[in-house]
1. For Lys146, state whether it is at pLDDT 95 or above and out of contact with any strand residue (DSSP E or B) (no Cβ under 9 Å at 6 or more places or on another chain).
2. Of the residues Val108, Val119, only one is part of a strand (DSSP E or B) and either at pLDDT below 90 or of a type in the set (A, V, I, L, M) (or both); which?
3. Anything in the range 81-103 that is of a type in the set (A, V, I, L, M) and touching a residue at least 60 places away in the same chain (Cβ under 8 Å)? List them, or say none.
4. Step by step: first the residues of the range 1-19, then only those that are within 14 Å of Leu120 (Cα to Cα) and not aromatic (Phe, Trp, Tyr), then the one that is modelled with the lowest pLDDT. Which residue is that?
5. Quick check on the range 81-128: of everything there that is of a type in the set (Lys, Arg) and over 20 Å from the mean Cα position of the chain (by Cα), which residue is surrounded by the most Cβ atoms within 10 Å (Cβ to Cβ)?
6. Answer yes or no as to whether Gln66 is modelled with pLDDT under 70, under 16 Å from the mean Cα position of the chain (by Cα) and farther than 21 Å from Glu9 by Cα.
7. Any chance you could count how many residues in the range 104-145 are without any contact (Cβ under 8 Å) to a residue 40 or more places away in the chain and either of a type in the set (Asp, Glu) or closer than 20 Å to Val19 by Cβ (or both)?
Amino acid sequence: MLPYILLSETGGGSPDTFVRKGRVLVEKPALILPPNNPQWEGFDWSSEKRREADGLLNFLLVRGVQFPSMRYNNQTESFSVYDGGLNEASEHFKKSLQKEENLSAGLVLGPEDCWQFSVLVFVAFQMARSADADIRRILDEYRKDKP
């Protein structure tokens with residue numbers, strides 16, 4: 001479970017900021033899939049955005065960045081407007097997360113018209129960051145099972 005707060009400028013000369021709160025659940029799919037065939041749910045891609053997403057994933061794949069064949073389910077919990085610019089909103093939510101001692105949620109800044117890509121980059125970084133600990137845990141479990 002990867003909770004996030006995504007901040008985006010509203011554009012059009014408005015000094016406000018869009019605030020999208022949600023989480024991405026990354027889990028093993030019910031079906032066994034071929035490698036590098038992730039399933040994306042809840043990202044609200046139109047057919048045009050889906051082509052852009054496929055292009056982005058191919059772009060990343062060519063550069064050695066791969067998403068494992070897992071199910072990525074985005075669940076947007078709320079969408080609101082913060083009365084203030086992006087920098088002000090960023091500081092506000094940063095302080096809020098620190099006050100709550102919330103170490104699990106990510107604060108993400110990105111453009112509103114392609115918010116899905118910002119969330120995917122956040123997910124990729126979180127997965128890469130936890131890879132070492134996950135591998136150690138798997139090896140420890142393997143060693144426990146060996147006599």
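The values are calculated or read from the model by the stated rules, or taken from the named source; none is laboratory data. Note that the coordinates shown come from a computational prediction; the quantities given were computed from them, not determined experimentally. Ideal geometry is used to build each Cβ from the backbone, glycine not excepted, and the neighbour counts take in all protein chains shown.
1. On the way: at pLDDT 95 or above: no; out of contact with any strand residue (DSSP E or B) (no Cβ under 9 Å at 6 or more places or on another chain): yes.
No: the conditions fail for Lys146.
2. Working: Val119 fails: part of a strand (DSSP E or B).
Residue meeting the stated conditions: Val108.
3. Of the residues in the range 81-103, the ones of a type in the set (A, V, I, L, M) are 81, 86, 89, 97, 103.
The answer is Val81, Leu86, Ala89, Leu97.
4. Within the range 1-19, the first condition is being within 14 Å of Leu120 (Cα to Cα), and the residues that meet it are 1-6.
Okay, now just the ones that are also not aromatic (Phe, Trp, Tyr), so 1-3, 5-6.
Details: Met1: 89, Leu2: 92, Pro3: 96, Ile5: 96, Leu6: 96.
Checking each candidate, the answer is Met1.
5. Of the residues in the range 81-128, the ones of a type in the set (Lys, Arg) are 94-95, 99.
Applying the additional criterion that residues be over 20 Å from the mean Cα position of the chain (by Cα) yields 95, 99.
Details: Lys95: 10, Lys99: 8.
Top of the filtered list is Lys95.
6. Values: modelled with pLDDT under 70: yes; under 16 Å from the mean Cα position of the chain (by Cα): yes; farther than 21 Å from Glu9 by Cα: yes.
Criteria met by Gln66.
7. Initial filter on the range 104-145 (without any contact (Cβ under 8 Å) to a residue 40 or more places away in the chain): 113, 121, 125, 128-145.
Next cut, either of a type in the set (Asp, Glu) or closer than 20 Å to Val19 by Cβ (or both) only: 113, 121, 132, 134, 140-141, 145.
Within the range 104-145, residues that are without any contact (Cβ under 8 Å) to a residue 40 or more places away in the chain and either of a type in the set (Asp, Glu) or closer than 20 Å to Val19 by Cβ (or both) number 7.
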